[in-house]
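Presented below is the structure to which this report refers.
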Amino acid sequence: MFDLVFLGTGASAPSVHRGLPAVMLMYRNHRFLIDCGEGTQRQILTSGIGFKRLNKILITHGHLDHILGLAGLISTLIRWEGTEGIDIWASTRALGRIQPMIYGIVLPGYLPPPVPIHLIDLAPETIWEDAALSVGAFRVEHRGSESFGFAFEQKARRPFLNDRAEALGVPAGPERRRLVGGEAITLADGRVVYPDQVLGPVEKGVKLVYVGDCERTDSLLEQVAGADVLVIEATYLAEDEELAREFGHLTAAQAARLAREAGVRHLILTHISRRYRERDIKAEARATFPHAQVARDFDHYVVAKDKPAIRVDRSSPPAEPENV
């Protein structure tokens, strides 16, 4: 299960209702901040999720509306939050802006920095993983900015069947953990129990794909295919498709077509221009993809494999009136 909290859902410049791009993905004890627009640390505080365990930052590209919040956030993390280290993944071009921001503005008097800060050059590959989750990066075309998208995938697993274990007399505790790990066990009465006796068929985990600014979708089909959730920009409406092409962005209709062609379960649109009403973005997308939603600042989405739809929990007041 993933928790996804949108901290900023606007495009290019903040508005009264929308901050600049940033979203927090939380999985078990891990937190991944994707992009860090101006004001992100204030949004983190307002959202109530705080800074605890925030040590992994993924940057889609180096345009200023996606990185200007890094200086303040890094300053707070290294001085007040007891962080043991920070990993920042970004493209070579983006790191060319981020490195002088951190070492020229935030840390000019610290040699070495108070905590390790690792600036990691992105490549289209798996960039982080543990026993349960993998995070992959892939290239996205956006005005020659060396942009990347990110795919978060729970690893496939065989569920433990408690009823079968009970019937076989397998006690709770380390014996069950060994069976889950693929090891046979011997019970007190001498019977041997094998993993296949208590494990169900292999189940794919949840797949969530995040795409920031983007100018074309044909190269993304493979990366997005079968995602439970696709988060992607919808900066323009179809009536302004020429403007979208000129500035390297997508329309809501284009994002919806990608979701439909890729077999995505749910679509969440973000990076919304203040020139449009939310209801118009939503209507255009839903004409092609009925399960499309438009994210607002502080929306909290819970993404789970066993739920028929995304559950939305707005713990903060809606960013815009419901009739927009």
Would you check if Phe138 is touching a helix residue (DSSP H, G or I) at 6+ places or on another chain (Cβ under 8 Å), among the aromatic types (Phe, Trp, Tyr) and closer than 29 Å to Arg97 by Cβ? yes
Please work out which residue is nearest to Leu4 (Cα to Cα), limiting yourself to the range 259-294 and to residues that are hydrophobic (A, V, I, L, M, F, W, C) and part of a helix (DSSP H, G or I). Ala259
Scope the range 164-174; condition within 35 Å of the chain's Cα centre (by Cα) and assigned to a helix (DSSP H, G or I); matching residues: Pro174
Conditions: (1) more than 25 Å from Glu233 (Cβ to Cβ); (2) among the aliphatic types (A, V, I, L, M); (3) surrounded by 12 or more Cβ atoms within 10 Å (Cβ to Cβ); (4) in contact with a strand residue (DSSP E or B) (Cβ under 6 Å, 6 or more places away or on another chain). Val106 meets all but one. Number of the miss? (4)
If we keep just the residues of the range 297-324 that are closer than 15 Å to Leu25 by Cα and in a loop (DSSP other than H, G, I, E, B), which is modelled with the lowest pLDDT? Ile310
Residue by residue through the range 76-105, note down the ones that are under 22 Å from the mean Cα position of the chain (by Cα), in a helix (DSSP H, G or I) and among the charged types (D, E, K, R). Arg93
Criterion first (loosely packed, with under 14 Cβ neighbours inside 10 Å, of a type in the set (D, E, K, R) and farther than 20 Å from His66 by Cβ) does Asp280 satisfy it? no
Which residue, of Arg158, Arg178, Arg191, is at pLDDT 90 or above and either within 30 Å of Phe6 (Cβ to Cβ) or surrounded by 14 or more Cβ atoms within 10 Å (Cβ to Cβ) (or both)? Arg178
Being buried (at least 19 other Cβ atoms within 10 Å of the Cβ) and assigned to a loop (DSSP other than H, G, I, E, B) is the filter; apply it to the range 40-73 and report the residue that is modelled with the lowest pLDDT. Ile49
Select from the range 214-237 the residues that are part of a helix (DSSP H, G or I) and loosely packed, with under 15 Cβ neighbours inside 10 Å and list them in ascending order. Asp218, Ser219, Leu221, Glu222
Those residues that are in contact (Cβ under 8 Å) with a residue 12 or more places away in the chain and not in a strand (DSSP E or B), I need them from the range 195-213; list them, please. Pro195, Gln197, Val198, Gly200, Pro201, Val202, Lys204, Gly205, Val206, Val211, Gly212, Asp213
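The values are calculated or read from the model by the stated rules, or taken from the named source; none is laboratory data. Keep in mind it's a predicted model, so treat the numbers as computed, not measured. Cβ atoms come from the backbone with ideal geometry, glycine included; neighbour counts cover every protein chain shown.
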